[in-house]
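Nothing in this text is a laboratory measurement; each read-out follows from the coordinates by a stated rule. Remember, predicted model here, so these are calculated numbers, not experimental data. Here the Cβ is made from the backbone with ideal geometry for all residues, glycine too, and neighbour counts use every protein chain on show.
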Amino acid sequence: MVENIEKLRNKVTELLKRIYRLENTVAEKEMTHESYVDVLALEVIGKLDKLRDREPGPETNALEQDFLDILEFMGVHRLANPIDKIADFTHPVGTVKDLDRRNGVVTEVVKPGYGRGENLVRPTHVIIVKND
């Protein structure tokens, strides 16, 4: 009887190890999938940025909407514009002097930011006040 209990304990231990390895493998694949989606989203966002540099027109507007639809399908949303605020999801790409505003306040959005769920895909590129 003791021998059977020991065999059962060993089998349970082995099964638990296999389950643990399987859970880790699934988690790694999910993380890889999430990273892959972010990389694809950045590619689409880059194409959208280039498209916005072109002359506006019906074709450009239709293509822009197509790119936005693709991003929405991927779960990617455009972040709110942080004008007149200091925001965590911004990346300063330039500065201006404005004595009527505090340092670090956003004055202009150069490129919109994007997020997916709670994750930041690309920060909003902004111009901020710097009075020093």
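Can you sort D53, D66 by how many other beta carbons sit within 10 Å, fewest first? Don't jump to the answer; show the numbers that get you there.
Values: D53 7, D66 14.
Ascending number of Cβ neighbours within 10 Å: D53, D66.
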* With the dipole of region 1-74 worked out from charges on the C-beta (+1 for Lys and Arg, -1 for Asp and Glu) around the Cα centre, which of T25, P58, L68 lies farthest toward the positive end? -> T25
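Provide the gained length on full extension for the span Y20 to N61, in nm with one decimal, where the gain is 0.36 nm per separating residue minus the Cα-Cα distance. Walk me through the intermediate numbers first.
Details: separation 41, 0.36 × 41 = 14.76 nm, distance 4.97 nm.
That works out to 9.8 nm of additional length.
Is region 77-132 rounded, prolate or oblate when judged by the Cα gyration tensor, a ≥ b ≥ c being the square roots of its eigenvalues, rounded requiring a/c under 1.5 and prolate requiring a/b larger than b/c? Intermediate results must be reported in sequence, preceding the final value.
Details: a/c = 2.81, a/b = 2.47, b/c = 1.13.
Here region 77-132 falls in the prolate category.
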* When the chain is modelled as a GNM with alpha-carbon springs shorter than 10 Å, which of N61, N24, N103 fluctuates the most? -> N24
* Would you work out the charge dipole size for the chain about its Cα centre, treating the Cβ of every Lys and Arg as +1 and the Cβ of every Asp and Glu as -1, and quote it to the nearest 20 debye? => 480 debye
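Given region 22-132, what count of lysine pairs have C-alpha atoms under 24 Å apart, with each pair 8 or more places apart or on different chains? Display every interim value, and only then the final one.
Numbers: K47/K111; K50/K111; K85/K97; K85/K111; K85/K130; K97/K111; K97/K130; K111/K130.
Number of lysine pairs found: 8.
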* For the chain, set up a Gaussian network in which alpha carbons nearer than 10 Å are linked by springs, and say which option among V106, V96, V44 fluctuates the most. => V96
* Asked: How far, in nm, would the chain grow between R9 and L99 when pulled straight, counting 0.36 nm per residue and subtracting the alpha carbon separation?
  -> 25.0 nm
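Let a ≥ b ≥ c be the square roots of the eigenvalues of the Cα gyration tensor of the chain; is it rounded (a/c under 1.5), or, if not, prolate (a/b larger than b/c) or oblate?
Details: a/c = 5.49, a/b = 2.19, b/c = 2.50.
In terms of gyration-tensor shape, oblate.
Just from its helices, what would the mean residue ellipticity at 222 nm be for the chain, if runs of 4 or more DSSP H residues each count -39500 (n - 2.57) and the sum is divided by every residue, rounded to the nearest 500 deg cm²/dmol? Spell out each step's value before the answer.
On the way: 2 runs with 67 residues, N = 132.
About -18500 deg cm²/dmol.
With an 8 Å Cα cut-off and a minimum separation of 6 or more residues, compute the relative contact order for the chain in percent. If you can, show how the numbers build up before the last one.
On the way: 149 pairs, mean separation 27.3, N = 132.
Worked out over the chain, it gives 21 percent.
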* Asked: Nearest 0.05, what FRET efficiency do D84 and V39 give at R0 = 41 Å with Cβ-Cβ as r?
  -> 0.80
* Please go through region 16-60 and write out the trypsin sites (Lys or Arg not before Pro) that DSSP classes as loop and that have at most 16 other C-beta atoms within 10 Å. => R54
